[in-house]
Amino acid sequence: SSSRKSRPEGVCVIKSRRPVQRRMTCPSPQEISRALQSPPAHPSFRAASLDELILRCLNYFDADGKINRGTQLVHMTLMMHNWVVPSHIFAHKLLSLYKDCPAEKRGQRRTQICHFIREWINQFRLMFEMDPLLEEAMGDLWALVRVEGNDSHYQLFNTPYINPPVNVSQSASPSVKKRKVSLLFDHMEPDEMAEHLSYLEFKNFCNVSFLDYRSYVVHGSVRHNPALERSVMLCNGVSQWVQLMILNRHTPQQRAEVFTKFIHVAQKLRALQNFNTLMAVIGGLCHSSISRLKDTASLLSSDVTKTLSELTELLSSYSNYSNYRRVYSECTEFKVPILGVHLKDLISLNEALPDYLEDDKINLGKLQHLYSNISDLLTIHDCTPPFEANKDLLHLLTLSLDLCYTEDEIYELSYAKEPKNPKIQPVAPVKPPVVAEWGSGVTPRLDPATISKHVKQMVDSIMKNYDLNMDGYISLEDFEKIAANFPFSFCTHESDRGEISREEITTYFMRGMSVCAKLGYNLHNLHNFHETTYKRPTFCDTCGGFLWGVIKQGYHCKGEKLPMAQLLQNITIDYLERIIFSSVSLRLWSELS
């Protein structure tokens, strides 16, 4: 990668990378070449000092504050200046220009500075909310205007945030369809599932700001970047959920049916142009814990396998995602990009181009390239989704996705469903697309408040749709079907009256999620189970059933170090499979909303 020019004396520059070693996200020469294909917006204006850049922007404002030309350069400067100089330094430059303005130019120049600041506040208010040093610098500037300026100047940029942008998370609640909705996975149509997953995806995408993109490019991580972290968590959550919903079924035929249903979900996601969730779903279907299920794969129709192959080819990383890029470039109106691919482009630009050129001038070509790519992503925020969302189904999906299993736990479940058979030749697996590689290492955080909130929303939705008598109870049959949507359905509820109350439902979900999340353990780590031959009649400590057989009738916990191991000593083989599936390492992810 090219070397950087040294920064001008007296200017504090934020370095965009450390020269010690290339990060995992550092681009290849081919990626750099592609990132530079699009021409800069102003080829004639290649480099400038900070003072020259500010003055050029000021000259684009007329006396009424309108930008007659050069709107792109003005907005590029306001959005991108902090890639080379901190915003509070930028503000102090404006303060100096206002203070030291020559008498003969004072009237026009000071008015232009105020219009420039007003445009900054109006278009990029997030900078002022997130940067205390910038807020302090603006306070100094306002104080100067009070003393040396006039009331019209003060009113120009003392106006609170004008026309704040509205995104999907700030807008009105989603339209609720006037019908009873089914909260059961088996009863949700693939189109409906795809639309609600797309709503959650688009909501997260709209919460990613230009500052979040810069943070990721500069630091190479989503740590301390909540918006991008939530996007990674949702993507990984969908991928794991797909795997678990398939592995939750007991027979190969049932697993094949769920697999086929997710293929139909993927087809609808493709039609909706939601490529990010499509990547997550296909990544889950192609995961080796699923592709190794030979009995399940043998029951899939040729149409399903053909569709899977086509979608995998679309999302392939071959030739720098050339297939996806071609299709995405042809999309219009509503669309959700594969965020990791576009973040990689930003890193390519940042690594390939120096911050400064000759004479220690800012490389405007680099800023213009970065600005163009980020603006394209931000423009999507203004799109209107071509579907409605039902808040009850959103609650179901949100709670369903708030689970985290380790790779080992998923593989244990996969092998429990279809054990290894050395006599059968393995099925050639479909090469999975790379899912959220840019977010690797993200660890979900415990958040009891989010657990409680999501459980309450879920229970409210259940009671609204199933408590037809409005007496605070639903049938046990309905509850068991709803509970089957969650991979901790080993938690059983016994009732002689054939119904279950709101309080009992809440206790069920909190038991399955909150308690285990607080402990930070997964169930099979609390016990040291060993296959055991019992020499005398023994009963399961959990279900009370007799451990049948001549040898190796069940499993016995030999752990003595952990007090909780004493709660469960002897279990049946069937129940161990339920524990392996449940595994309950339910570390809840950050709140999506």
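Some points to look at:
- Using R0 = 22 Å, the C-beta based FRET efficiency linking Glu148 and Gln108 works out to 0.90.
- The spread of Cα positions in the stretch 240-351, taken along each principal axis and listed from longest to shortest, comes to 50, 28, 22 Å.
- Spin-label model distance (nm) - Ser49 vs Asp140, 7 Å beyond Cα toward Cβ: 2.0 nm
- Accessible area (Å², 1.4 Å probe, nearest 10) - Thr406: 50 Å²
- Long pairs among Lys344/Lys453; Lys344/Lys366; Lys203/Lys417; Lys417/Lys481; Lys453/Lys481, criterion Cα-Cα beyond 27 Å: Lys344/Lys453; Lys203/Lys417
- Applying 1/(1 + (r/R0)^6) with R0 = 60 Å to the Cβ-Cβ distance of Ser375 and Ser501 gives a FRET efficiency near 0.70.
- Residue-level accessible surface for Cys235, protein heavy atoms, 1.4 Å, Å²: 10 Å²
- Estimated at the nearest 10 Å², the accessible area of Met510 is 50 Å² with a 1.4 Å probe.
- The stretch between Lys464 and Asp100 holds 124.4 nm of extra length on full extension. This uses 0.36 nm per residue minus the Cα-Cα distance.
- If R0 is taken as 22 Å, the Cβ-Cβ distance between Arg511 and Glu257 corresponds to a FRET efficiency of 0.15.
The values are calculated or read from the model by the stated rules, or taken from the named source; none is laboratory data. Being a predicted model, the structure only gives us computed values, none of them experimental. Note that each Cβ is placed from the backbone with ideal geometry, even for glycine, and that neighbours are counted across all protein chains shown. Ligands, DNA and RNA are excluded from the accessible area calculation, which covers all protein heavy atoms including side chains. Shrake-Rupley method; radii C 1.70, N 1.55, O 1.52, S 1.80 Å.
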